[in-house]
Amino acid sequence: MRLDLNPEFIRTCMRLWRDTIDLRVPMRDEFKVHMMGERRTILANFENVSDGWKMLLGRATPDSPDEEAFRALVAEIEEFNAWAKGQLDELRGEVERESLRDSIHELLADPDIKRQFQDLAEAMRKKPPARGK
């Protein structure tokens, strides 16, 4: 089967998608808020699309004169895919840090836990640190 690709269309999509989600293109404030609020979903869609492109092109063989251009396009798609995955990993890390911070604040808001920490701190102040031999 012969498949004709428009590499510039794919490159344009990747560039516009990336610039849009990174708020580097002019847009109304409502769209900016949407992009920020839906960043995770949008990035997951970018990852899925680029995974599909990789799967489609992974087993394809280019016409002889187009081999170098084909390999360059595949490399750009792989880079875009890695960028989307990296952005998602950063968001997951932020969510985990926020969750941990919230958990610590909830824990310290508990009067019993707070008292136990205060007792521990008091005990540590009274007892001199052990010296190594």
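The values are calculated or read from the model by the stated rules, or taken from the named source; none is laboratory data. Because the structure is a prediction, the values reported are computed rather than measured. A quick note on method: Cβ atoms are made from the backbone with ideal geometry, for glycine too, and the neighbour counts reach across all protein chains shown.
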Exercise. Mind checking which pairs have a first residue in region 1-30 that is without any contact (Cβ under 8 Å) to a residue 24 or more places away in the chain and more than 20 Å from GLU68 (Cα to Cα) and a second that is among the acidic types (Asp, Glu) and assigned to a helix (DSSP H, G or I), Cβ under 6 Å, 6 or more apart or different chains?
Worked result: VAL25/ASP19
Exercise. Identify, please: which residue in region 10-42 is β-branched (Val, Ile, Thr) and over 14 Å from the mean Cα position of the chain (by Cα) and is, among those, surrounded by the most Cβ atoms within 10 Å (Cβ to Cβ)?
Worked result: ILE10
Exercise. Of the numbered conditions (1) within 18 Å of ASP22 (Cα to Cα); (2) modelled with pLDDT under 95, ASP119 satisfies every one except a single condition; which is it?
Worked result: (1)
Problem set entry | Residues being within 30 Å of TRP53 (Cβ to Cβ) and among the β-branched types (Val, Ile, Thr) - total across region 66-117 | 3
Exercise. For region 31-133, which fully contained helices (runs of 4 or more DSSP H) count at least 2 residues that are in contact (Cβ under 8 Å) with a residue 12 or more places away in the chain?
Worked result: 39-58, 67-109
Problem set entry | Failed criterion for GLU67 (all others in (1) surrounded by 11 or more Cβ atoms within 10 Å (Cβ to Cβ); (2) over 35 Å from the mean Cα position of the chain (by Cα); (3) closer than 30 Å to GLU8 by Cα hold) | (2)
Seminar exercise, completed: When LEU3 is run through (1) part of a loop (DSSP other than H, G, I, E, B); (2) in contact with an Asp or Glu (Cβ under 8 Å, 6 or more places away or on another chain), the failure sits at (2)
